[in-house]
Every structure is written in C-alpha cells, then in structure tokens.
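Working notes, beginning with the structure itself.
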Amino acid sequence: MFPRRIAVTAASGLMALGALAGLGAVPASAEVSQHALKAHVAVGGSDPCSGDLCAQIYSISPNGSDIQIEAWAELQTFYGHFELQTPNHKTYNSKNNTNKAGGIGHIFTVPYGGGLYAITAWATSGSGGYNKIGYVTINI
C-alpha cells in the first residue's frame, strides 16, 4: 500500500505542475488540485514560512483565470493584516484582524499571472503604525 500512496502523491504533484505550466487541465476534483498545489510549493524547494508568516498556493481556478493564495500566522497570534503584491504590481490587503498562530489567516483570490507573488504580514504597533513580521514570495 505504501508504494501506491507515493504514486498517487507523485501523480497529483505532476497534475499540479502541468496545470501551473499550462500543459494540462486542472483535475476535476478541487480537493486533489488544492492538495497537490499545496504540496508543490513545499516540495518545490520554497520554504512557505518566513518570520511569523506562512503562505502558499491554495488553488487555481479551473479555467486558469484566478489564483488563491493563503497567508497565516505561523508561531504567534497578532493583530494586523496581510498584504499581497502580484506580478502585475497590484496590491491587495486583508482587513485588520486577530490572526491566530496556525489559524486560517486569509485567502486572497486574485487574477492569475505567472511571476512573483509577494506576501507580507503587518502587525499593528502601539504608535498606530505597522511592523513587518513576515515576508514570503512565491514564484510561479
């Protein structure tokens, strides 16, 4: 049974890579697609966490027009927001919220475009400003 699990995981990863590269269709099952995409970021040599921020690809729409990127607090709960910068230089911000360590965080849904996605975690400071507590990039 163990070799079959490896084959299924490898096949899921290859489907995700094909979908990311535009070489094949996204699998019919969104759960398989999302799981495979999450595995791709971790297996692709990119550490999905830096500072107190973790981020990863959550899903790509079946027609390839949108991408979802998930951001969350890794080790400590903070009050603040997440910022996403896309390859076409658009910036998206979540609302200020209490982001629990290891919790759900925020899922951005933005137009898909190959290139560098940059995610920043901003914690509010006592002076009314923000402190950067994490920065992660995902290059697709």
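What order do H89, H106, H81 take when sorted by accessible area (1.4 Å probe), most exposed first?
Working: H89 165, H106 60, H81 20 Å².
Sorted by accessible area, descending: H89, H106, H81.
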_Inter-label distance, nm, simple model (7 Å from Cα along the C-beta direction), I107/C49_ = 2.1
*In sequence order, calculated HN-Hα J values of the range 73-89 (Karplus, 6.51, -1.76, 1.60; Hz; x Gly/Pro)*: 6, 7, 10, 10, 6, 9, 9, x, 8, 10, 10, 10, 10, 9, x, 8, 6
*What ranking of L75, L116 comes out by heavy-atom accessible area, probe 1.4 Å, highest first?*
L75, L116
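Using 0.36 nm times the number of residues separating K90 and Y135, minus their current alpha carbon distance, what extension gain do you get? Don't skip to the answer; put the middle values down first.
Values: separation 45, 0.36 × 45 = 16.20 nm, distance 1.66 nm.
Full extension from K90 to Y135 adds 14.5 nm.
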*Using modelled amide H (1.01 Å from N, peptide plane; none on Pro or chain starts), what sits under 5 Å from the amide H of G134, excluding residues fewer than 5 places away?*
D52, A121
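The values are calculated or read from the model by the stated rules, or taken from the named source; none is laboratory data. Being a predicted model, the structure only gives us computed values, none of them experimental. Cβ: placed from backbone, ideal geometry, glycine included. Neighbour counts: every protein chain shown. All accessible areas refer to the heavy atoms of the entire protein, side chains included, with ligands and DNA or RNA removed. Shrake-Rupley method; radii C 1.70, N 1.55, O 1.52, S 1.80 Å.
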